[in-house]
Number of protein chains: 2
Amino acid sequence: MTLVDSIRSGDRLALARLLTQVENDTPEGRQALDQIFPYTGRAHLVGVTGAPGTGKSSLVNQLALHYRKHEQKRIAIVAVDPTSPFTGGSVMGDRVRMRDLAGDPDVFIRSMASRGSLGGLAHTTAAMTQVFDAAGFEIILVETVGAGQAEVDIARLAHTTLVVEAPGMGDDIQAIKAGILEIADILVINKADHSGVENTERSLRGMLELAHPVRRVFRHHGQSMVMEAPKENREENIWIPPIQRTVATEGSGITELAEAIATHAQHLRQSGDWARRERARLESELEALIQDSLTAQFRADVSQERYNEILSQVVGRQISPWEATRNLLNGRHP
Amino acid sequence: MTLVDSIRSGDRLALARLLTQVENDTPEGRQALDQIFPYTGRAHLVGVTGAPGTGKSSLVNQLALHYRKHEQKRIAIVAVDPTSPFTGGSVMGDRVRMRDLAGDPDVFIRSMASRGSLGGLAHTTAAMTQVFDAAGFEIILVETVGAGQAEVDIARLAHTTLVVEAPGMGDDIQAIKAGILEIADILVINKADHSGVENTERSLRGMLELAHPVRRVFRHHGQSMVMEAPKENREENIWIPPIQRTVATEGSGITELAEAIATHAQHLRQSGDWARRERARLESELEALIQDSLTAQFRADVSQERYNEILSQVVGRQISPWEATRNLLNGRHP
């Protein structure tokens, strides 16, 4: 039985091994990615991002439990942890999750720490979701911490992106998050039993208006509604990010959140956005691979000695970085 | 008179024009960067980063005023504003600054908005600091907003990096900032007249201990001191980031901050770190230029039709992204 057959028949050990090879970007991993690629494109990728302290991990756990219990779907969780590029190490462990989801053969959880390059992290995450996709996992939850460029890059991979907030975060943190808010397909206020939930919702709604300026968004029986939208917009199939309240520790609001995720998937398919996102995702993956390959070719063509010699000339201000680049690139095929 | 001579003789109009060409990455801009490069390497690059609301811009203004008044140094300010990659536009204006620093021919202020790519932003910032450096500005203050990867990249350019905090930011925001804290050479608590300043300092000190685990840092007459450091560390020339309190709106603490910046520059030169940072900085600039050039060469070699055709095959799952990359790269020189 080939590796691909093993993966697709549900062999967890083969799956774990392949994920490691993909994470380490080995030749075997690359070859396997080639082979599994025709079997990808079926899973629903759901990104979950938010600041530390919002209870993201509990929320992801509860969503996974919901999908197992009520929809019998096969679930993969990729917990991406781009901790400081300086200290390294992984904060999130798999152990806490294991208590609830352990022993279920249709749930697979994988933590991934930063490998230095943040672009590389998004790339590796994309590759890992392809493995889960080919292995028949129907929903892949990709969890990231924070609001940096890495999260934005990883969110671009997802079909549906959840941005998780919690009451009691200051206005300043929200300002930082203005960028990440614009990638949200669904806004979740977790810990909705805490005080300040109304303030959080009001400020999120204000930011939604900024992000979607042609429309007025207001709260109506717990649903986001559009008012005063220009006629041409109203007739299009526009998605307004709903705001969902949850208390993950008690499991409340999870059914409604799962419904919102399903509604978003339906919207993507009906509007043609699913295919558009898929194409954009594959294009950025292709571009990253092209860039990696070009750099690898360059490294193979130019000796370390020559590179160091030219760098020393730059440091000594004898030649400019541009001149150095031209010298290095012209001298590749002597 | 050549452009380079004009710049070096203090022609502000020529300088402004060159900065625009560099920001737009025009062929003229690149050529000029080549020509000015031998005159660079003299300025002290000081990065200033921190969340919105910490009063960074006032602090930068006060520092500039201090250097003008007490040290007669020529000062450039580059205000980098990587606002949301989605909305674009610049929040910080030059107008507020102008009130205090207007009319001084030895101060030059330039705002720069994000050009989409964050890597590109760090790259453009580096090029602009080279222009100011060659034009004889002795201190270049580079101000960035937030705590994302862009700030970390830009901080890597600076000889001295100031991370600005303010009392009253929650613990959560601080957790996000653990990464950026590790790039700090000097920690500034601005708005030090606000309540909660003791808490802020305590939490920063705690984070400093995490970032510099071999040493114990405690506060002693307003100075950071080392205790219980292992012998081998005590004998090395190690820099412990001091914590400086300021009230930028009143100008208090600015002299002490300028002293800390000067002490850090002295430390860098004595320890050899100045040369090491310079080399690392030029190497990462060289690598970015090489990558840009490789991509440009690739784009010139491969027609858009061929690229689109191959991308469509990937989207249709006929070939994998890796196969597509190999096809595109092998077919470059037919």
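Some notes on this structure:
- Test result for B:Ala122, part of a helix (DSSP H, G or I), surrounded by 23 or more Cβ atoms within 10 Å (Cβ to Cβ) and modelled with pLDDT of 60 or more: yes
- Considering only residues in the range B:65-105 that are modelled with pLDDT under 90 and of a type in the set (D, E, K, R), the one that is nearest to the chain's Cα centre (by Cα) turns out to be B:Asp81.
- Some residue of the range A:207-224 being modelled with pLDDT of 90 or more, more than 14 Å from chain B (Cβ to nearest Cβ) and surrounded by fewer than 16 Cβ atoms within 10 Å (Cβ to Cβ): no
- Number of positions in the range B:158-193 that are modelled with pLDDT of 90 or more and either within 12 Å of chain A (Cβ to nearest Cβ) or in a loop (DSSP other than H, G, I, E, B) (or both): 7
- The number of residues in the range A:31-58 being in contact with a strand residue (DSSP E or B) (Cβ under 6 Å, 6 or more places away or on another chain) and part of a helix (DSSP H, G or I) comes to 1.
- B:Ala64 vs. criteria in contact (Cβ under 8 Å) with a residue 40 or more places away in the chain and over 30 Å from A:Asn327 (Cβ atoms): yes
- Enumeration of residues in the range A:253-277 that are in contact (Cβ under 8 Å) with a residue 12 or more places away in the chain and outside any helix (DSSP H, G or I): A:Gly253
- Number of positions in the range B:293-334 that are aliphatic (A, V, I, L, M), more than 7 Å from chain A (Cβ to nearest Cβ) and under 36 Å from the mean Cα position of the chain (by Cα): 3
The values are calculated or read from the model by the stated rules, or taken from the named source; none is laboratory data. Remember, predicted model here, so these are calculated numbers, not experimental data. Methodologically, a virtual Cβ is constructed for each residue, glycine included, from the backbone with ideal geometry; neighbour enumeration extends over all protein chains shown.
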